[in-house]
Structures are given as structure tokens and as C-alpha cells.
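So the structure is just underneath, and the comments pick up after that.
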Amino acid sequence: MESLTPPRVLLGVAGGIAAYKSAELLRRLTETGHSVRVLPTASALEFVGAATFEALSGQPVHTGVFVDVPSVPHVKLGQEADLVVVAPATADLMARAAAGRADDLLTASLLTARCPVLFAPAMHTEMWEHPATRANVEVLRSRGVVVLEPASGRLTGKDTGPGRLPDPAEIAEFARLLLERADALPHDLSGRRVVVSAGGTREALDPVRFLGNRSSGRQGYALARVAAQRGASVTLVAAHTADLGDPAGVEVVRVGSAAQLRDAMCAAARGANAVVMAAAVADFRPVALAEHKIKKTGSDPDPLALTTNPDILAELVRTKEQGQVVVGFAAETGDAAGDVLHHGRAKLLRKGCDLLVVNAVGDGKAFEVPDNSGWLLGADGSETELKPGSKALLATRVWDTVASRL
Ligand code: C5P
């Protein structure tokens, strides 16, 4: 029988106030089957005690290179890791890593690691924007380290701006992604502006009821997240979704109905290099919105009289600008008329978009689950199978193809 060893993750924690969020990240990583060894810096232990990391990881925690010397941990831990995640990565930690220092167990391990390395920075906006930090980030990225864009929002104290640690759930998603695909996050979309729609629209019937659908928004959010980390300027037009945190470094425009989603997409698509319609748009909406709650008896007119919504993707294709790439999604089930791919090809022709992601749905596939698979069809006849994996992995395959066409 094949023995599945859990992926070995080194979780470096540097000394910033966001260190407390590393406990949540650690819990997520261990609960999803990773074996995690935590390497805090001495300053990180001023914020979170070693006991927290030891209890959550089930492994000992040291900071220096002079503990347990016979097992040579400063070399072994890095060599044996499948992934190193540093969260939070402070300005000082990044400076030391960029300079190749090895003055504690974490920086020494960074020099011996040959696996993917993910940094999730957290610091004040001034420190993040300082030329010294910018230069260190550039050096680290040029060596293949994935340095995430921080989130914007409330920082320690009253100030706000870029520099917040991305959500632990988002860091965990990227950690899984780098284990699935080490080269998932090249900076190949920098200077590009992209628009992604996500979630399911709700078409109001009366003040309390609506017609909706089961879309969680996870695939659209993954597309927005991955594009932002590949350097794009991203607008995410979000209809109703599961409880998902805002993606770091992304402008989020919230909408409710198909009509609102249409307006937001058409406005955002102007001047964009790529537009991705991952939202589940209601094909129909009630003819009229009842001013008062519709009563069970004697309702007149028929409360479920419906009219057709405009096809937003078709409109985006009609108004497409020179060089813009428009991507659609199609959730299909096979039937007597043909399989999923057959229906996908027909839809690509009908919709006229440049690329169409075809997902097989039904039997618990695609909706409300973290994984996805399918086919990426191109108007030029290209057909790429999207092997099962995380929604972030599928997003990387879509952006690979979009980037190659821009
Ligand atoms: O025709 P179907 O709904 O399967 O097409 C799915 C694709 O079309 C998705 O990209 C979806 O976002 C988009 N769509 C749209 N407007 C609609 C219905 C679907 O843009 N009214």
C-alpha cells in the first residue's frame, strides 16, 4: 500500500504584532494534513509563547542554532522541508533573508531550503513602501521566493493602508497551491489590469425573498487572489458568496442582482486587459419586484412570473476592446446529447469568448467545495485538461493562458 507522508512545512514566524495570527495559520495547516515545524524568531516569542506553537504543532520549538546541536537542525530542517512559509514576514526578517544572513534557526533554514518559499509580509505602510524594503522584496522575488502582496486595512493603532497580513485562510490556500505547483505565482501579470466576477446573483421577489443559486464564489475569489499575487491590478465584482475574506491587494465591488453585476462589470471592463466571468448569473428574474411581502393566498399577479436576464458575458464579448481577453465559465453535466466537453465546445461557439472554462457539475463536484477540475477551451481550438486540484491551481492555469495571449 502506498504510504502517504504528510507534506513537511516549516512555519517561520517573525516578530510583529501579526504573529498572533500565525497560530490560526498553524492550526489550518495541521488540520489539513501538513506536518508543521514552527521556527519563530526571538522577537516573535515576545508576542506568542513557544507553548502555543508546541501545542498546536505537536513539535518542539527553538529559535537558536545551539539547541539540539547533534541533530544539526539549522541544516536538516531546511533540507527536509517541502515548503517554507514565513508569516508574518517583517521588514527586518526580509532584510536578513535578502542579505543571506544565518543568525538564527529561521534564517539558517532559509539558506538550506531548496523547496518553494512563501513570505506573507506584515508591517506598517511606511515600512512596506520604504525603498529598502522594496529592494529586499525585489531581491527575494528575483531568487524565486513568493512574497505575497499584503492586504490593505486597519494596522496596529488607528492607521490604515497596505501592510496587513493576508488572511490566514488565504495564506493557507497559497501554501497548498505552492505544494501543488512550485511555479504557480510568477510575476507575469504586473502592469496588467484584470476584472473578475464571482458568486451568485440574487433576484429579489419581494422585500424578503429572492431567487438565488449555490455558487460559493470560491473559484472567482481564487482567480482574483492569484492574479493579484501575479502582479495584476485586480477588480473583483462580488455577488453573494460564502463567508470568504477579501483577497489581499484586490479592489472588491459588491453587487446583488444580475443587473447590478452587469453595470459593475461593464464599467470595470473599460481599459482592462482581461475580463473573467466566473459569477453564476441568474438567467431569469421576477418580472416585477413586489413592494410588500407576497402573501401565501390570493397573490395576483403570479409571484413567479419571470423574465430573462441579459447575458453579461455576451455583452462583454460584443463590447470587447482591442487586445482584451474575455474568459467565460460553463458548468455542465453530460446527458444524452453529449458529454461535458461536447456541451462546452458548443457553448464556446455560442458565447464567442476567447476562453471558456468548462466544469463538470453534479455529484458534489465544483459547487461549494474547495477543489475543481475541467477543461480550458480556446476559440483558436486549443483544449487543455484542468486536472483535479485546488481552485487556486485551476486559476493559475487560466492565468497562464491569459498571460500568454496578452
Ligand atoms: O449560459 P451559461 O449560464 O451556462 O453561461 C455561463 C457563463 O455565462 C458564465 O461565464 C456566466 O458568468 C455567464 N453568464 C452571464 N450572464 C448570464 C448568464 C451567464 O454573463 N445572464
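May I ask for the net charge around Ala403, where only other residues with Cβ less than 12 Å from the Cβ of Ala403 are counted and Lys, Arg are +1 while Asp, Glu are -1? Walk me through the intermediate numbers first.
Details: positive: Arg192, Arg230, Arg397, Arg405; negative: Asp188, Asp400.
Here the charged neighbours net out to +2.
Could you work out how far apart the two model spin labels at Ser35 and Val72 are, taking each label as a point 7 Å from the Cα in the direction of the beta carbon, and quote it in nm?
Modelled inter-label distance: 1.9 nm.
Using the Karplus curve 6.51 cos²θ - 1.76 cosθ + 1.60 with θ = phi - 60°, work out ³J(HN,Hα) for each residue of region 96-106 in order, rounded to whole Hz, and write x for Gly and Pro.
Residue by residue, region 96-106 yields 5, 5, 5, 7, x, 5, 9, 8, 8, 5, 5 Hz.
Please check the chain for the longest run free of GluC sites (Glu not before Pro) that are loop-located per DSSP (anything but H, G, I, E, B) and have at most 16 other Cβ atoms within 10 Å. Please report the intermediate quantities before stating the final value.
Values: sites that count: Glu2, Glu291, Glu321, Glu368.
Here the longest run is 3-290.
Give the lysines reachable from Lys76 as a straight Cα distance under 30 Å; neighbours fewer than 8 places away on the same chain don't count.
Filter leaves Lys21.
Pick from Thr201, Thr41, Thr90 the residue whose mean-square fluctuation is largest in a GNM of the chain, springs joining Cα atoms under 10 Å.
In this elastic network of the chain, the residue with the biggest mean-square fluctuation among Thr201, Thr41, Thr90 is Thr41.
If the reach is capped at under 18 angstrom between alpha carbons, list the aspartates and glutamates near Lys351, excluding any in the same chain fewer than eight residues apart.
Asp283, Asp311, Glu315, Glu321, Glu332, Asp380, Glu383
What are the lysines whose alpha-carbon lies under 25 Å from the alpha-carbon of Lys347, with same-chain residues fewer than 8 places away excluded?
Of all the lysines, those that pass the test against Lys347 - Cα under 25 Å, at least 8 places apart if same chain - are Lys320, Lys365, Lys387, Lys391.
Among residues other than Leu140 whose Cβ falls under 12 Å from its Cβ, what is the net charge (Lys/Arg +1, Asp/Glu -1)? Let's see the in-between values first.
Values: positive: Arg96, Arg134, Arg141, Arg143; negative: Glu138.
Taking every Cβ under 12 Å from that of Leu140, the sum is +3.
For region 263-347, take every pair of Cα atoms, bin their distances at 5 Å starting from 0, and report each bin as a whole percent.
Result, from short to long distances: 3, 11, 16, 14, 14, 14, 11, 10, 6, 2, 0 percent.
Evaluate Rg over Rh across the chain, taking Cα atoms for both radii and Kirkwood's formula for Rh.
On the way: Rg = 23.5 Å, Rh = 22.9 Å.
Rg/Rh: 1.03.
Please return the longest stretch of the chain lacking exposed loop sites, where trypsin sites (Lys or Arg not before Pro) count only if DSSP places them in a loop and at most 14 other Cβ atoms lie within 10 Å.
Values: sites that count: Arg101, Arg114, Arg143, Lys158, Arg214, Arg270, Lys293, Lys295, Lys296.
The segment 297-406 is the longest one with no such site.
Around Ala278, under 13 Å between beta carbons, what's the net of Lys plus Arg minus Asp minus Glu among the other residues? Don't jump to the answer; show the numbers that get you there.
Values: positive: Arg218, Arg225, Lys391; negative: none.
So the surrounding residues net to +3.
The numbers here are math on the coordinates, done by the rules we state, and not lab data. Being a predicted model, the structure only gives us computed values, none of them experimental. So basically every Cβ, Gly included, is an ideal-geometry build from the backbone, and we count neighbours across all protein chains shown.
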